[in-house]
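Following: one structure in structure tokens, then a few remarks.
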């Protein structure tokens, strides 16, 4: 017989239209339950996510970004205590000191535009505009002369950019759909690559994951996924997973991809297998638009956020531990 808590939860799910499904077993019975209440007791508390090494509800540091970075769109690590940021309207690199929690320099490199991704490689800064234009700024701290090229991307809206040191390539994560007629499909989420030896696009994506893979991983690990309860009281997943940013872990080589639209974060290994998935707390992750890693594995997250809201967060990495 189902426990009283599970019976109450079953009724609760039919009274609301939107909820998160937790495919976890109740501590009092063997039935999988849908979690919609924040005040559940400990025995039925849902598992929000699985991301080995990180505790994403407990940041080591939280900073409010200055007004000029309220529309921050990406971040890249340039030193052990410095990051560079861009925002999606101006061609400016903002150098941010993590100890001072402030912008210490601004380097203009290009005209106004929708700048969405950035990555530093050996003192050269690469910046991606959403239309697929890639800017290159050599010796960017001392020089603002930029060159650019338009990449032959099959996607119209491209937001994520990072350096993959394990393969000496830039990874690009498109937010828009990769159309089937161009080699993609509704469920496919590709990471395209630029070979840094030739500075040309590789003919095939470096990595491809699918929303089907993500949901299968979540089900196997009994994790929370975005969803909706229909009029019949049945749960329907609503995982859109439209990448906003991408970063490569400096130690494990895993690729982390964040989707701002549904506040989800995944990690995959070099064989394209899902290794982690979690939903993100909207109180901390208002609109996550950029991610990067410090050399020790500390995760850096940047939100597009209004004044007095968390703009930059740091999460320490504990090797071998899971959330």
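Read-outs throughout are calculated quantities, based only on the coordinates presented, and are distinct from any laboratory measurement. Everything numeric in this text was worked out from a predicted model, so none of it was measured. Neighbour counts are summed over all protein chains in view; Cβ atoms, including those assigned to glycine, are modelled from backbone coordinates with ideal geometry.
Extension gain for residue 187 to residue 283 (0.36 nm times residue separation, less C-alpha to C-alpha distance): 31.7 nm. Extending 7 Å from Cα along the Cβ direction at residue 202 and again at residue 152 yields two label points whose distance is 1.7 nm. Kirkwood's formula applied to the C-alpha pairs of the range 188-323 gives a hydrodynamic radius of 16.2 angstrom.
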